[in-house]
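Before any comments, here is the structure.
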Amino acid sequence: GLEIERSTGAHVMTHQLLAYGAGGALADGDLDIAARMLAESAALAGPRARFDACLHHLFATWLALLRRDSTTAFQQQRLALTAAIELGSPHFEALCRMAAAHVLHEMGDLRGALAHFQRVYDTARNIPNHLLDFTGLMMYAHFALESGRRPRSGLRALKLALEIAKPRNYLSFLL
């Protein structure tokens with residue numbers, strides 16, 4: 001996709017292609033390529049559509065989390081969430097709230113993380129999306145069990161997540 005855009009000069013989806021490329025690099029553990037693609041996207045001239053901004057900041061949050069840069073992760077997740085809300089996409093709002101919960105958890109703010117999970121639940125229950133349900137439940141279970149403060153609800157979330165995952169062969173979750 002990027003080669004076609006570069007060779008034709010038609011830059012219609014460049015921001016999205018670079019963001020998804022960064023996401024693929026992050027999933028593969030290649031932080032350097034992800035950073036390069038996000039930097040290339042950020043350097044593009046002209047305004048970025050809200051959806052493109054949402055993707056860019058969501059993957060920049062993930063990169064910052066992997067680099068253990070909580071300040072950048074916090075800033076990027078706020079930008080991602082704002083873009084998702086302005087976009088009006090409940091699916092991406094839920095993903096960005098999960099990223100926000102992850103960042104807050106990493107910063108030691110379990111209460112703030114759990115507040116985001118409540119909003120994820122409120123949003124996601126109206127979206128029939130098994131992967132979104134699985135991801136949210138797995139993240140909540142991880143935080144609840146790791147903190148030791150909510151073991152029963154963490155185990156219940158883990159059980160529900162695995163019940164969703166098993167028939168669909170889900171093996172991992174985002175962030």
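Cβ-Cβ distances below 6 Å connect the following pairs, each with a first residue in the range 12-32 that is within 14 Å of residue 55 (Cα to Cα), a second residue that is charged (D, E, K, R) and assigned to a helix (DSSP H, G or I), and a separation of six or more residues or different chains: 14/5; 15/52; 16/52; 18/40. Screening 22, 39 for residues that are in contact with a Phe, Trp or Tyr (Cβ under 6 Å, 6 or more places away or on another chain), more than 22 Å from residue 104 (Cα to Cα) and at pLDDT 95 or above leaves exactly one candidate, 22. The selection criterion, being without any contact (Cβ under 8 Å) to a residue 40 or more places away in the chain, surrounded by fewer than 20 Cβ atoms within 10 Å (Cβ to Cβ), more than 25 Å from residue 168 (Cα to Cα) and among the basic types (Lys, Arg), does not hold for residue 125. Among the residues of the range 69-104, those identified as without any contact (Cβ under 8 Å) to a residue 24 or more places away in the chain and of a type in the set (D, E, K, R) are 69, 78.
Give the residues of the range 39-80 that are more than 15 Å from residue 26 (Cβ to Cβ) and among the aliphatic types (A, V, I, L, M), sorted by residue number. Correct list: 42, 43, 44, 45, 49, 53, 79.
Among all positions in the range 152-172, there is at least one residue which is closer than 21 Å to residue 105 by Cβ and in a loop (DSSP other than H, G, I, E, B).
Listed here are the helices (runs of 4 or more DSSP H) enclosed by the range 11-118 that have at least 2 residues being over 16 Å from the mean Cα position of the chain (by Cα) and surrounded by fewer than 17 Cβ atoms within 10 Å (Cβ to Cβ): 31-43, 70-87.
The values are calculated or read from the model by the stated rules, or taken from the named source; none is laboratory data. Note that the structure is predicted; figures quoted are calculated from it, not measured. Glycine gets a Cβ as well: all are built from the backbone with ideal geometry, and neighbour counts include every protein chain shown.
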